[in-house]
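Engineer: My questions will all concern the structure given below.
The values are calculated or read from the model by the stated rules, or taken from the named source; none is laboratory data. The structure displayed is predicted, hence computed values, not measured ones. All Cβ positions, even for glycine, are placed from backbone atoms using ideal geometry, and neighbour counts span all protein chains on display. Protein only, heavy atoms only, side chains kept; ligands, DNA and RNA dropped before computing areas. Shrake-Rupley method; radii C 1.70, N 1.55, O 1.52, S 1.80 Å.
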Amino acid sequence: MNKQSRAFHILVITLTISAIAAISAIGDANSAGLSRTIHTQPAIYAGLAANIKVAAQQMTCTPTGLRYTDETLLPPDYVSFVPPDIGQSYCDPTFGTEIKRLTDSGKGYVTNSEISYFNIDDSYFIISDDNIGSLMNGGDGHKIKPLGGGNMRPWWIRWPRANYYTASGHKEMFDPAQNFYKYEGNEIRLYDVDTLDYVVIRKFSQYTEIDSAGGEGDISSDGRYWILDGTKPDGQQVLFSYDLLDDIKGPESDFDTGCIGCKGKPGVDYASISPSGVYIVIAWDAGQLDPFNGHYGIEVFERRNWNFVRRIHPSRIHFEMGYDSLGNEVMFAAAGNTPDEILSFNIPDLALGDIISVRLNDGLGRKLLDIPKWAHYIISFANGQNHFIFLAFEAKSDSPSELWSPYWGEIIAVPTDGSGEAVRLIHHRSRKVGDQSTMKYQVDFIANNAGTKIAFKSTYGVGGADVYFFDFDWNENSPTFVDVPFSHLYHDEIEVLYQEGYVAGCNLDPLMYCPDDAMNRAESAVFVERGIHTAEYMPTQPTTQVFADVALDQWYAKWANGLWEDGYTAGCGVDPLIYCPLLGHTRAEGCVFYLRMMHGVDYLPPDPTGIFVDAPVTEWYTKWVEAAYNAGLIEPCQTSPEMRFCPNDPLSRGLGAYMMVNSKGLPLP
């Protein structure tokens, strides 16, 4: 089926002080999707920032056209400007962004932009104010309450992204928006945000204490994995991953980690899990000229076995991870510190300080933004979107009239599509006061999951740092699933199934469908059951186990059992009867399911005629694949020089959507 190409989207920015839309609850039918490995899907998102338009009539603080220039823009009244009182706002005169002051202690602090300090639905975020962890309202930024003193530092806390943990083999449910993880001693605890009561979900008795592997890494996007370090009784430090959902400790690192998170001492600066949970990425406090036991820069390892994969950056540098606009899992960072390091990326026209992305799976790099003059930066990725990353650049001069450069002293949004066009949001006006250390005045900031609000710290050049807040809304005419662009072969079919309630996707944050992933038998049970009943259909939870490999507490138990009762499956093996829920479906098997969805459970196709050279008429599946082809449910995998069907190739989730829409005759948009 040929698809018409569509324009990707027009991005509309409006600045409003308004509550963001809550992230959808995790549906039952896609519960397993929380732990899926996410694969990439090619797409084209060209010229994203060029399509930005501003709905200024909605605002008293009107966005300006200077947001979309690459000129040197000096902040007016740089020396004389005084920030507003706590709770009050002002309008950034250059870019037209409303900025609100949240603290006035002179000890306001947000840090570690690689960590999402907003909870899953963006209703809360955490900062430190006057050395006290504080819970803030995610809508307007006001302080809700202190979380406690020295034992509740924000960087010791992670917000859950799933709704259960496992204790003594049983799943315990909780509200991820109202609870947070924290490590204490050698324990991982789950705290109630209202009462601060907690349960211990794991005690690591083999370690005298645990820590967060340098403190600057987040948990995986599905909420499953966290990289920790443990100190053994003899003082040795090791890294390991922990499955927060199923209470499974991963293997320890099998190499010398040095002093983890010791800042300035050789070893691991910090380690973080990749968004998909497939990789562990380590920033070494070691460079190419002074490696630590052969390690330096930023290196990628397999989570499951600590096998070295590749080095993706040669420098001592901080980085962020996320997905780009094509759905690739990437690292975001500035290019290297020397000409030789720049050459290692093999990216044309790359210069010191330019912002890049590097794919974790193959090391392929791409330039995202030209930086005319290098400046120290802080970087953050919003987990609920993949179109932009956010950067805050240091101002390298106290006098804009003497020395200034584009993006200095600003917080900007940079498209992840490589279009090279930034959206300039504010002048943060933070700079050194007196003998302050860099940590006191550098512009640490955090973006919420939706990428619509940012909290940042700034001295405004008048004293200690306080926390400020600004708000904007990306109203996009963009695809429902970030990995299914309008140009995708099966976009229309996937969109119809989603809008009609038949599918919920494979990942919540960001919303993804994983169209190229092989559909397994558990997933197909949901497709077929809802296909033969209704989109709202929910089978009865079985009380007796039918299949030996489908425990009653598995999310797919009722779906597999329903498929059995409706006569659409005989399982995948007998004695004992098994269903093989995680086994991938082939294209041939998909033909059986969708033909019976079209014609009924008793349907049998006519004898085959030999249409495909790789589907002999003697094979059991040949009559099914020929019937599905003749019914318009599926296309050949090759038409020239001979017709081939590839019957044993995996059935992708995208193709499954196409077959389901056609078998049910659902109208396309």
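Engineer: Pairs only if they're at least six apart or on different chains, beta carbon under 8 angstrom, first in the range 226-252 and under 20 Å from Val199 (Cα atoms) and free of Cβ contacts under 8 Å to residues at least 60 places away in the same chain, second basic (Lys, Arg) and open to solvent by 10 Å² or more (accessible area, probe 1.4 Å); list them, first residue then second.
Structural biologist: Pairs that qualify, where the first residue is under 20 Å from Val199 (Cα atoms) and free of Cβ contacts under 8 Å to residues at least 60 places away in the same chain and the partner is basic (Lys, Arg) and open to solvent by 10 Å² or more (accessible area, probe 1.4 Å), are Tyr242/Arg202; Tyr242/Lys249; Asp243/Arg224; Asp243/Lys249; Lys249/Arg202.
A quick yes/no check of all residues on (1) of a type in the set (Asp, Glu); (2) touching an Asp or Glu at 6+ places or on another chain (Cβ under 9 Å); (3) outside any loop (DSSP other than H, G, I, E, B); (4) open to solvent by 10 Å² or more (accessible area, probe 1.4 Å):
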{"position": "Ile312", "(1), (2), (3), (4)": "no, yes, yes, no"}
{"position": "Met321", "(1), (2), (3), (4)": "no, yes, yes, yes"}
{"position": "Met331", "(1), (2), (3), (4)": "no, yes, yes, no"}
{"position": "Asn346", "(1), (2), (3), (4)": "no, no, no, yes"}
{"position": "Leu368", "(1), (2), (3), (4)": "no, yes, yes, no"}
{"position": "Ser380", "(1), (2), (3), (4)": "no, yes, yes, no"}
{"position": "Ser397", "(1), (2), (3), (4)": "no, no, no, yes"}
{"position": "Leu403", "(1), (2), (3), (4)": "no, no, no, yes"}
{"position": "Trp408", "(1), (2), (3), (4)": "no, yes, no, no"}
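Engineer: Part of a loop (DSSP other than H, G, I, E, B), aliphatic (A, V, I, L, M), within 23 Å of Glu500 (Cβ to Cβ) and touching a helix residue (DSSP H, G or I) at 6+ places or on another chain (Cβ under 7 Å): which single residue out of Leu563, Leu595, Leu633, Leu582 fits that description?
Structural biologist: The unique qualifying residue is Leu633.
Engineer: From the list Val423, Val433, which one is open to solvent by 10 Å² or more (accessible area, probe 1.4 Å), at pLDDT below 95 and aliphatic (A, V, I, L, M)?
Structural biologist: Val433
Engineer: Filter the range 280-301 down to residues that are at pLDDT below 95 and charged (D, E, K, R), then give me how many there are.
Structural biologist: Within the range 280-301, residues that are at pLDDT below 95 and charged (D, E, K, R) number 2.
Engineer: What is the residue count in the range 227-280 for residues that are farther than 28 Å from Asp175 by Cβ and not hydrophobic (A, V, I, L, M, F, W, C)?
Structural biologist: 25
Engineer: If you don't mind, there's one more thing I want to ask. With Asp575, Asp614, Asp607 as the choices, which residue is outside any helix (DSSP H, G or I) and either closer than 25 Å to Pro542 by Cβ or aliphatic (A, V, I, L, M) (or both)? Give the steps one after another, and end with the answer.
Structural biologist: On the way: Asp614 fails: either closer than 25 Å to Pro542 by Cβ or aliphatic (A, V, I, L, M) (or both); Asp607 fails: either closer than 25 Å to Pro542 by Cβ or aliphatic (A, V, I, L, M) (or both).
When all the criteria are applied, what remains is Asp575.
Engineer: Just to be sure before I move on: is Gly590 surrounded by 20 or more Cβ atoms within 10 Å (Cβ to Cβ), at pLDDT below 95 and under 34 Å from the mean Cα position of the chain (by Cα) in the structure I sent?
Structural biologist: Yes; evaluated as a whole, the condition is true for this residue.
Engineer: Checking the structure you have, find out if any residue of the range 139-155 is of a type in the set (Asp, Glu) and closer than 23 Å to Thr452 by Cβ.
Structural biologist: Looking through the range 139-155, at least one residue is of a type in the set (Asp, Glu) and closer than 23 Å to Thr452 by Cβ.
Engineer: Being without any contact (Cβ under 8 Å) to a residue 12 or more places away in the chain and open to solvent by 30 Å² or more (accessible area, probe 1.4 Å) is true for just one of Ala548, Ala570. Which residue is that?
Structural biologist: Testing whether each residue is without any contact (Cβ under 8 Å) to a residue 12 or more places away in the chain and open to solvent by 30 Å² or more (accessible area, probe 1.4 Å) leaves just Ala570.
Engineer: In the range 638-662, which residues are open to solvent by 60 Å² or more (accessible area, probe 1.4 Å) and part of a loop (DSSP other than H, G, I, E, B)?
Structural biologist: Thr639, Ser640, Pro641, Glu642, Asn648, Asp649
Engineer: Further question on the same structure: Name the residue that is least open to solvent (accessible area, probe 1.4 Å), counting only residues in the range 492-538 that are acidic (Asp, Glu) and in contact with a strand residue (DSSP E or B) (Cβ under 9 Å, 6 or more places away or on another chain).
Structural biologist: Ranking the candidates gives Asp517 first.
Engineer: So, of the residues in the range 209-260 that are on the phi > 0 side of the Ramachandran plot and more than 24 Å from the chain's Cα centre (by Cα), which turns out to be surrounded by the fewest Cβ atoms within 10 Å (Cβ to Cβ)? If you could, list the steps in order and put the result at the bottom.
Structural biologist: The initial filter retains those residues of the range 209-260 that are on the phi > 0 side of the Ramachandran plot, namely 213-215, 223, 235, 247, 258.
Restricting the remaining residues to those that are more than 24 Å from the chain's Cα centre (by Cα) gives 235, 258.
Working: Gly235: 7, Gly258: 18.
Checked the range 209-260; the qualifying residue surrounded by the fewest Cβ atoms within 10 Å (Cβ to Cβ) is Gly235.
Engineer: Related question: As an exercise: evaluate Thr166 against (1) open to solvent by 10 Å² or more (accessible area, probe 1.4 Å); (2) in contact (Cβ under 8 Å) with a residue 40 or more places away in the chain; (3) in contact with a Phe, Trp or Tyr (Cβ under 8 Å, 6 or more places away or on another chain) and give the number of the one condition it does not meet.
Structural biologist: The failed condition is (3).
Engineer: Within the range 267-279, which residues are at pLDDT 95 or above, of a type in the set (Ser, Thr, Tyr) and in a loop (DSSP other than H, G, I, E, B)?
Structural biologist: Hit for the range 267-279 is Ser274, nothing else.
Engineer: Of the residues that sit in the range 190-206 and are farther than 16 Å from Pro160 by Cα and in contact with a strand residue (DSSP E or B) (Cβ under 6 Å, 6 or more places away or on another chain), which one is surrounded by the fewest Cβ atoms within 10 Å (Cβ to Cβ)?
Structural biologist: Lys203
Engineer: If only one of Tyr621, Tyr579 is among the hydroxyl-bearing types (Ser, Thr, Tyr) and under 35 Å from the mean Cα position of the chain (by Cα), which one is it?
Structural biologist: From the options Tyr621, Tyr579, the qualifying one is Tyr579.
Engineer: Something else now. Which condition breaks for Ser325 when tested against (1) under 22 Å from Phe388 (Cβ atoms); (2) out of contact with any Asp or Glu (no Cβ under 7 Å at 6 or more places or on another chain)?
Structural biologist: Among (1) under 22 Å from Phe388 (Cβ atoms); (2) out of contact with any Asp or Glu (no Cβ under 7 Å at 6 or more places or on another chain), Ser325 violates only (2).
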